[in-house]
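Asks: What follows is a structure written as structure tokens; I'll ask about it next.
The values are calculated or read from the model by the stated rules, or taken from the named source; none is laboratory data. Bear in mind that the values here come from a model prediction, so they are computed numbers and not experimental data. Cβ placement follows ideal geometry from the backbone for every residue including glycine, while neighbour counts extend to all protein chains displayed.
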């Protein structure tokens, strides 16, 4: 991404943060907003075909979704036994079957203003992480996967992206709305949940160190 692109994301994020500091929330919560009322980049359902979405994903440089173990038992203190589609096409991912490498899992949506604020920090730290940590995005409660893919590309999120249009994670992970970030150790245990946007590389780096034990 160009310097002007990063600056644009930061400026947009700061404006969004002034409007909704704690997070975008969902349409059923008091004082919260969903994709139909946030003044979002896109709140209409996408009409893009699967082949068009796959091409957009390729152009955005988003990595293929990870493999997951179909047989390992789900942990009570880990990710729920929910299978999600890969954003833009690709293999399905069983969240409870993601093991072996610490993970940072970010819940976001392209209509979410505070998500724009933290976008550069996720891009920066995911690039620094290399193969020490797996970053994974989940596009949540989002009616337009085409816009979501384009947004992820604009944000320089080259790491894999899943989609949860039907809010399957709402109940098991108690999600009120994006952004939220979960830290999961190599054994599949959720070690920490961060509600709201990250506001600096240092803040995200500290949580990675504190809750995954991986200095960056």
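Asks: Just checking, does segment 50-64 include any residue being at pLDDT 95 or above and assigned to a strand (DSSP E or B)?
Replies: No, every residue in segment 50-64 fails to be at pLDDT 95 or above and assigned to a strand (DSSP E or B).
Asks: Just to be sure I understand, how many residues within segment 146-161 are farther than 15 Å from residue 126 by Cβ and in contact with a strand residue (DSSP E or B) (Cβ under 6 Å, 6 or more places away or on another chain)?
Replies: Number of matching residues: 1.
Asks: Could you tell me whether segment 32-39 includes any residue that is at pLDDT below 95, under 17 Å from the mean Cα position of the chain (by Cα) and either part of a loop (DSSP other than H, G, I, E, B) or within 16 Å of residue 175 (Cβ to Cβ) (or both)? Outline the logic, then answer.
Replies: We begin by selecting, within segment 32-39, every residue at pLDDT below 95; these are 32-39.
Those still in the list that are under 17 Å from the mean Cα position of the chain (by Cα) too: 34-35.
Still in the list and also either part of a loop (DSSP other than H, G, I, E, B) or within 16 Å of residue 175 (Cβ to Cβ) (or both): 34-35.
Within segment 32-39, one or more residues are at pLDDT below 95, under 17 Å from the mean Cα position of the chain (by Cα) and either part of a loop (DSSP other than H, G, I, E, B) or within 16 Å of residue 175 (Cβ to Cβ) (or both).
Asks: OK, next. Just give me the residues in segment 170-193 being closer than 17 Å to residue 77 by Cβ and either without any contact (Cβ under 8 Å) to a residue 60 or more places away in the chain or in contact with a helix residue (DSSP H, G or I) (Cβ under 6 Å, 6 or more places away or on another chain) (or both), in sequence order.
Replies: Within segment 170-193, 171, 174, 183, 191, 192, 193 meet the criteria.
Asks: For segment 128-145: of the residues being out of contact with any strand residue (DSSP E or B) (no Cβ under 9 Å at 6 or more places or on another chain) and surrounded by fewer than 21 Cβ atoms within 10 Å (Cβ to Cβ), which is nearest to residue 178 (Cα to Cα)? Write out each step before concluding.
Replies: Let us first name the residues in segment 128-145 that are out of contact with any strand residue (DSSP E or B) (no Cβ under 9 Å at 6 or more places or on another chain), namely 128, 130-132, 143-144.
With surrounded by fewer than 21 Cβ atoms within 10 Å (Cβ to Cβ) added as a condition, the list becomes 128, 130-132, 143.
Values: 128: 24, 130: 25, 131: 26, 132: 25, 143: 14 Å.
Taking the candidates together, the pick is 143.
Asks: Right, another one. What single numbered condition from (1) within 17 Å of residue 61 (Cα to Cα); (2) buried (at least 19 other Cβ atoms within 10 Å of the Cβ) fails to hold for residue 158?
Replies: (2)
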